[in-house]
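Q: Before anything else, here's the structure in question.
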């Protein structure tokens, strides 16, 4: 009985320690989430400050709104390419810097350093470098080589991909560090056995390295995809969504509809759909990666 009473008191103490975090979670996450869901079924806006229940009209309107569809298309293109390029570049980079090079620590620092910077800072930096005016350093270099300057951020067909390149530059080093940590945890016995069997480097990569990198591949691809779907700050600092709507993403469209245009009910419906989209994408991605891992092993 004494032991039971002591366990009960101990559990109560542990729960009291958790209580402040739980209260903060309920106030700052669950309550706003519930309010957003409720507002999404109303016509709440500055024009209609007195809310009226309109059912799913906001949700139906979303899929008839051209600016919303453009934002979704741009975001999907950006997120897919970001996830692919970042990881395709990070894996060989991590393998190269896992070798006993004299300068590997400096190289790791150089490649990882951009991930420490704020995306806003990176956006302003690259918008300066990519400027099509006289002070754009990249265009100055192209002209010095006898080539024509490129309107990196003013061309609707090129602007989104120009922003994408800056983010691949910033975040590939971060993914590389995750892969590098995973590589350093792989036993050398596998590689010694492969060397004894006379396995070629490509076979070693496919049969040993890649399967054992699957935990970090799952983490990096899911995080890159979610980050790509939520991208806002770097686009805001580089193009503001322009020219036209060519670089406008889901979050930027959401900010414009829900805050700039003060369509709170409509913006809330957009936020709910966006949240479900991220959850579905992450769930499908993890399922696919888990099946891949099962096949590998």
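Q: What fraction, in whole percent, of alpha-carbon pairs in region 146-277 exceed 19 Å separation?
A: 66
Q: On a full-extension model of 0.36 nm per residue, what is the gain between residue 148 and residue 11, subtracting their alpha-carbon distance, rounded to one decimal in nm?
A: Numbers: separation 137, 0.36 × 137 = 49.32 nm, distance 7.06 nm.
This chain segment gains 42.3 nm when fully extended.
Q: Please order 255, 130 by the number of other Cβ within 10 Å, starting at the fewest.
A: Values: 255 18, 130 23.
If I rank by nearby Cβ atoms, fewest first, I get 255, 130.
Q: Another one. Compute the distance from the alpha-carbon center of region 150-219 to that of region 1-68, in whole Å.
A: Result: 38 Å between the Cα centres.
Q: Provide the FRET efficiency to the nearest 0.05 for the residue 47-residue 69 pair, computing r from the beta carbons and using R0 = 30 Å.
A: Details: r = 24 Å, r/R0 = 0.79.
Efficiency at R0 = 30 Å is approximately 0.80.
Q: Here is a further query. Full-extension gain between residue 84 and residue 18, please, as 0.36 nm times their residue separation minus the C-alpha to C-alpha distance. List each step's numbers first, then the result.
A: Values: separation 66, 0.36 × 66 = 23.76 nm, distance 3.91 nm.
Contour length minus the Cα-Cα distance gives 19.8 nm.
Q: Can you give the extra length, in nm with one decimal, that the chain gains between residue 34 and residue 184 once fully stretched, where that is 0.36 nm per residue apart less the Cα-Cα distance? Intermediate results must be reported in sequence, preceding the final value.
A: Details: separation 150, 0.36 × 150 = 54.00 nm, distance 4.40 nm.
In short, 49.6 nm is gained.
Q: Looking at region 1-159, I'd like the Rg to Rh ratio, where Rg is from alpha-carbon atoms and Rh is Kirkwood's inverse mean 1/r.
A: Numbers: Rg = 26.7 Å, Rh = 22.9 Å.
That ratio is 1.17, to two decimals.
Q: May I ask for log10 I(q)/I(0) of the chain at q = 0.08 Å⁻¹, from a Debye sum over the Cα atoms as equal point scatterers with solvent left out?
A: -0.53
Q: If you don't mind, there's one more thing I want to ask. Can you give me the relative contact order of region 58-296 as a percent, contacts being Cα pairs under 8 Å and 6 or more apart?
A: Value for region 58-296: 32 percent.
Q: What distance in nm lies between label points placed 7 Å from Cα along the C-beta direction at residue 125 and residue 96?
A: Each label point lies 7 Å from its Cα, and together they span 2.0 nm.
Q: With each pseudo-label sitting 7 Å past Cα toward Cβ, what's the residue 279-residue 259 distance in nm, one decimal?
A: Output for this residue pair reads 2.4 nm.
FYI, it's all coordinate maths here, none of it is from the lab. Predicted model, so just to flag it, every value in this text is computed and none were measured. Here Cβ is always computed from backbone atoms with ideal geometry, including for glycine, and neighbour counts include all displayed protein chains.
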